[in-house]
Amino acid sequence: MENQKKVQTDIAEGMKRALGCEVIASNQTGPSPSYPYVSFTVTTPVVSDGKGWARDRDGREFKDLAQIWSFTVQSEDPFQAAQIALDAYEWLSTESGNLYLAERGIVVQGLGNIGNRDNLLSIQYEYREGFDVTFLLRHTSKETVFDVAGAIETIEFNKE
C-alpha cells in the first residue's frame, strides 16, 4: 500500500506553503501551534469500490483507492478562519494545488462544503472552519506476481 506518512507530509507541506500557516495532523499529544493553523484527520483511510486490482507490465498489482480527509482551520479571529479555509479550498480545487499534488501521485477527487466548526474551550472561544476532501491515491502491491508465483526461466518445446 501507499506510504501514508509520505502522503500526509506531501499534502501538509504543500498546503503550508500555499497558506503560510502551520498544517498539522489532529489528535496529537504535543502542544498546538500558535493561531492560525490548519489541522487534518484522515477520517476514512480506504473507500472501497469493490473492484479488483489491475496489473502493470512488471507484474505489480495496483489500484486507485479513495481516502477521505477532514481539514479544520483554527483561529482567534472568525474572519481569518473563514479566509484561510477559503484559501485552502481554492488551493485544492485549482491548478496550482492540483499540479503540486499530481507530481506526488495524489489527485483531488472531491471537495465538500466549507462549514462552521467553532468550539468553546474552557477559557476561550476558538473559531473553526472546515471541509472534507476525497483524495485518490494509487496503491501498489509490495510483491509482483513473479515474486509470488515465480517466473519461467527456460522452456523446452517438444515437436510432434
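The values are calculated or read from the model by the stated rules, or taken from the named source; none is laboratory data. These numbers come from a predicted model, not from an experiment. With ideal geometry, Cβ positions are generated from the backbone for all residues, glycine too; neighbour counts draw on all protein chains shown. SASA here: full protein model, heavy atoms, side chains in, ligands and nucleic acids out. Shrake-Rupley method; radii C 1.70, N 1.55, O 1.52, S 1.80 Å.
Residues in segment 65-86 that are open to solvent by 60 Å² or more (accessible area, probe 1.4 Å) and in contact (Cβ under 8 Å) with a residue 24 or more places away in the chain: 76, 77, 80, 86.
Could you please let me know if residue 9 is modelled with pLDDT of 95 or more, farther than 21 Å from residue 114 by Cα and β-branched (Val, Ile, Thr)?
Numbers: modelled with pLDDT of 95 or more: yes; farther than 21 Å from residue 114 by Cα: yes; β-branched (Val, Ile, Thr): yes.
So residue 9 fits the description; yes.
Counting only helices (runs of 4 or more DSSP H) that sit completely within segment 74-160, those holding 3 or more residues that are modelled with pLDDT under 95 correspond to 145-149. Looking across segment 1-23, the residues that are in a helix (DSSP H, G or I), surrounded by 19 or more Cβ atoms within 10 Å (Cβ to Cβ) and not β-branched (Val, Ile, Thr) come down to 14, 15, 19.
Whether any residue in segment 43-61 is of a type in the set (S, T, N, Q), over 18 Å from residue 128 (Cβ atoms), surrounded by 15 or more Cβ atoms within 10 Å (Cβ to Cβ) and touching a strand residue (DSSP E or B) at 6+ places or on another chain (Cβ under 7 Å) is what I want to check.
We begin by selecting, within segment 43-61, every residue of a type in the set (S, T, N, Q); these are 43-44, 48.
Pick out the ones that are also over 18 Å from residue 128 (Cβ atoms) and you get 44, 48.
Among the residues that remain, those that are also surrounded by 15 or more Cβ atoms within 10 Å (Cβ to Cβ) are: none.
Taking every residue of segment 43-61 in turn, none turns out to be of a type in the set (S, T, N, Q), over 18 Å from residue 128 (Cβ atoms), surrounded by 15 or more Cβ atoms within 10 Å (Cβ to Cβ) and touching a strand residue (DSSP E or B) at 6+ places or on another chain (Cβ under 7 Å).
Among the residues making up segment 31-58, those that are assigned to a loop (DSSP other than H, G, I, E, B) and modelled with pLDDT of 85 or more are 31, 32, 33, 34, 35, 36.
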